[in-house]
Every structure is written in C-alpha cells, then in structure tokens.
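Beneath this line is the structure, given in structure tokens, with notes to follow.
The values are calculated or read from the model by the stated rules, or taken from the named source; none is laboratory data. Values in this document were obtained by computation on a predicted structure and should not be read as measured data. As a convention, Cβ positions derive from the backbone with ideal geometry for all residues, glycine included, and neighbour counts pool all protein chains shown. The area values use the complete protein model at the heavy-atom level, side chains included, leaving out ligands, DNA and RNA. Shrake-Rupley method; radii C 1.70, N 1.55, O 1.52, S 1.80 Å.
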Amino acid sequence: MLRAGWLRGAALLALLLAARVVAAFEPITVGLAIGAASAITGYLSYNGIYCRFAECCREERPLNASALKLDLEEKLFGQHLATEVILKALTGFRNNKNPKKPLTLSLHGWAGTGKNFISQIVAENLHPKGLKSNFVHLFVSTLHFPHEQKIKLYQDQLQKWIRGNVSACANSVFIFDEMDKLHPGIIDAIKPFLDYYEQVDGVSYRKAIFIFLSNAGGDLITKTALDFWRAGRKREDIQLKDLEPVLSVGVFNNKHSGLWHSGLIDKNLIDYFIPFLPLEYRHVKMCVRAEMRARGSAIDEDIVTRVAEEMTFFPKDEKIYSDKGCKTVQSRLDFH
C-alpha cells in the first residue's frame, strides 16, 4: 500500500516536471503533449490528487452569470450591446448540457474600444487563471501567422493545435486577435470544428468557445453611431439588429479581413457578430478612473480631466469619439 502511494506520488512529480519542460516548446508541441498527458493523468486525477498541484479541466464547473455580469458592468464602458450579447450568449451556451456546435463570437470595432479587455474578462470567468490558463489559447495574427507563403503550414498546425487541446479539455477557449491582419484562407482550416458535427475524427468540439477580434467593420459601426447621434438619438438606442447584418456582409467582402469570403460566414457558423461602439469623452474619463482604482490611487478628477483632454477626437467638426478609444490611457496616466 505504501509502495503504491509512493509510485503515485513519483508519477505525479514526474508529470509536473514534464509539463514545465513541455511549456518551453512551441505551441503545437505543447498541444500534442497535453493530449498525451491527459491519458497519463487519468488515474491520478480521479481522486483529485493531481488537481491539487496543477490546473485541471473541470467541465462540470458552472458559469457564475452574476459574477460575469458584474465584471462587464463595472469594467467595460460604453458597450451596452457587447455586454448584453456576451452575457446572454455565454450563459445560454454554458447552461446547455448538449450544445449542437461550439460557441463562436466575432468582435468588431476600432482599437481601444474594449475587444481585448472583454476577451480577458470572458477567459477569467470561464477558467480561474484566465489568459494564463492551460485551457485558454491566444493567437495573434502578426505573431503566429506572419508569412503569406506559409498558409498551408499554418492551416495544418492550427488544426493539430486545436485538436490536441480540445482532446485534453472539451471546454477550451480559443481567441484569435488581429483578425483583420490574418491572411485570408487560414481561418477556414478550422471550419469543420465549428460546424454541426457530433465528432470530427473522434473528437467533439461542441463545448469549445472560439472568439475572433477584429478592427474590420469599425467604419460601419462608427457610421451607424454617428447617424444616431446626428438624429438626436442615444447610443443606447442602437440595437444589435441595426449593425449585425451590415457587419457580417461588410467583413465578408472586406479584402483586408481574415474573414474575407470565409466559409465560416458563408455557412453561418459565427453565432454573433458583436459591434464595439466608438468611445466618447465621458467613456474615456471612466477608463481613467478605472485605471486609477486598479493602481490603488485616489480618484483625482483634475487628473481625470487632463488625461481625457489630451486624447484626440473625431470627426473633425463634431469631435465626438476618441480616435484611440481608451488604448493610451495607461501610458498617459504615467505622466500625471
């Protein structure tokens, strides 16, 4: 009995050391290794021993919808559409014990409007370690897929990476940043994984979540927001139906979009196109206050105003929207 316990402990230690070594290799290698490791740890994890020392994929872990709602309301400013749609989409998806396909969200808007921030919030609410979790995977187009002549290689690597990680954790999260800089055609490699298949080569992808972040469509969103403002209507009156159809068509026909003529749109595999509205002066001030609180600083309204007034706004005549959203708030606050 003692020998069996010692063997289990030794196996656990070896596995943990191996995991640290594997983490030093490229993502594809890690993905395949995770799939193999899941089989090795099957016995150890059944009694919770392994999970005391390392992060485990807990498919039964429920989504705390109240916590997610609070995070979105307190940390995301000026994005009533994104807050509403993401909350409903995630809650409905995670409450469904037998989804027919993975949840696929495409977030669109100018830089600094909150797309990356909201993907971080989502990750933290789905997996405790957030973006640092072994089950949350971030791809940056200009970093991971830089060369147009290597599209076929990237497609093969992407399929292997996703297959390996979903095999290890069914409710894995995949975030694709800078979709507007992704070479067209690459993303179609994952089309079979997003479709209504029960399994693909023995693997079910139905509980996974895919999130695309893109600046593409920002001009269409801004035009709609401006039209509402010039008509004397509140931005909160803008509804998803005012933007989603225009976004899907606009992104599909945009040659500078990784979703240009993509089968993901053509086959209606993206569940929601979520617009992020351009931020106004008052929203920038909210961002400054939030950053000051995050730093543990007292809120100084004079500094809040000075930082907000340093930002530039558009259109040229009306000067309603910050051209960088809240993207430079942190760096500008360093000077005050």
**OP:** Select from the range 65-96 the residues that are touching a helix residue (DSSP H, G or I) at 6+ places or on another chain (Cβ under 7 Å) and in a loop (DSSP other than H, G, I, E, B) and write down the one among them that is nearest to LEU213 (Cα to Cα).
**Re:** LEU76
Subject >> Cβ-Cβ under 8 Å pairs, at least 6 apart or on other chains, the range 252-279 side over 15 Å from ILE221 (Cβ atoms), far side open to solvent by 10 Å² or more (accessible area, probe 1.4 Å) and among the polar types (S, T, N, Q) >> reply: TRP260/ASN253; TRP260/ASN254; HIS261/ASN253; ILE265/SER248; ILE270/SER248
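With a cut-off of at least 2 residues that are over 18 Å from LYS100 (Cβ atoms), name the helices (runs of 4 or more DSSP H) lying wholly within the range 169-277.
Numbers: elements: 191-194, 218-230, 240-252, 263-266.
Of the helices (runs of 4 or more DSSP H) lying wholly inside the range 169-277, those with at least 2 residues that are over 18 Å from LYS100 (Cβ atoms) span 218-230, 240-252, 263-266.
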Original post:
(1) at pLDDT below 95; (2) within 20 Å of the chain's Cα centre (by Cα): which one isn't true of ASN253, the others all being true?
Top reply: (2)
**OP:** Hey, can you tell me all the residues within the range 109-145 that are in a strand (DSSP E or B) and open to solvent by 20 Å² or more (accessible area, probe 1.4 Å)?
**Re:** LEU138, VAL140
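Quickly run through the range 98-116 and pick out the residues that are touching a Pro at 6+ places or on another chain (Cβ under 8 Å) and hydrophobic (A, V, I, L, M, F, W, C).
Kept after step one, since they are touching a Pro at 6+ places or on another chain (Cβ under 8 Å), are these residues of the range 98-116: 108-110, 113.
Across the range 98-116, the qualifying residue is only TRP110.
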**OP:** Assess whether GLY202 counts as being without any contact (Cβ under 8 Å) to a residue 24 or more places away in the chain, surrounded by fewer than 23 Cβ atoms within 10 Å (Cβ to Cβ) and small (Gly, Ala, Ser).
**Re:** yes
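Which of the residues belonging to the range 278-327 are part of a helix (DSSP H, G or I) and of a type in the set (A, V, I, L, M)? Steps first, answer last, please.
As a first pass, look at the range 278-327 and keep what is part of a helix (DSSP H, G or I): 281-294, 301-310.
Answer for the range 278-327, where residues must be part of a helix (DSSP H, G or I) and of a type in the set (A, V, I, L, M): VAL284, MET286, VAL288, ALA290, MET292, ALA294, ILE303, VAL304, VAL307, ALA308.
Got at least one residue in the range 283-290 being within 30 Å of TRP229 (Cβ to Cβ), in contact with a strand residue (DSSP E or B) (Cβ under 6 Å, 6 or more places away or on another chain), surrounded by 15 or more Cβ atoms within 10 Å (Cβ to Cβ) and not basic (Lys, Arg)? Steps first, please.
First, the residues of the range 283-290 that are within 30 Å of TRP229 (Cβ to Cβ): 283-290.
After this cut, where a residue has to be in contact with a strand residue (DSSP E or B) (Cβ under 6 Å, 6 or more places away or on another chain) as well, the list is 284.
Cutting the leftovers down to surrounded by 15 or more Cβ atoms within 10 Å (Cβ to Cβ) gives us 284.
In the following step, the residues that additionally are not basic (Lys, Arg) were identified as 284.
Yes, that holds for at least one residue.
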Subject >> Residues located in the range 161-180, provided they are under 16 Å from the mean Cα position of the chain (by Cα) and either among the hydrophobic types (A, V, I, L, M, F, W, C) or more than 25 Å from CYS57 (Cβ to Cβ) (or both) >> reply: ILE162, VAL173, PHE174, ILE175, PHE176, GLU178, MET179, ASP180
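Please pick out the residue among ASP177, ASP195, ASP188 that is closer than 30 Å to LYS285 by Cα and either touching a Leu at 6+ places or on another chain (Cβ under 9 Å) or buried (at least 17 other Cβ atoms within 10 Å of the Cβ) (or both). Lay out the reasoning, then the answer.
Working: ASP195 fails: closer than 30 Å to LYS285 by Cα; ASP188 fails: closer than 30 Å to LYS285 by Cα.
Going through ASP177, ASP195, ASP188 in turn, just one is closer than 30 Å to LYS285 by Cα and either touching a Leu at 6+ places or on another chain (Cβ under 9 Å) or buried (at least 17 other Cβ atoms within 10 Å of the Cβ) (or both): ASP177.
Residue-by-condition table, conditions (1) open to solvent by 10 Å² or more (accessible area, probe 1.4 Å); (2) among the hydroxyl-bearing types (Ser, Thr, Tyr); (3) closer than 30 Å to VAL284 by Cα; (4) at pLDDT below 95:
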residue	(1), (2), (3), (4)
GLU84	yes, no, yes, no
LEU90	no, no, yes, no
PHE93	yes, no, no, no
PRO99	no, no, no, no
LEU107	no, no, yes, no
GLU148	yes, no, no, yes
LEU158	no, no, no, no
Original post:
So LYS223 clears everything in (1) more than 27 Å from LYS319 (Cα to Cα); (2) of a type outside the set (Phe, Trp, Tyr); (3) open to solvent by 20 Å² or more (accessible area, probe 1.4 Å) except one condition, right? Which one?
Top reply: (1)
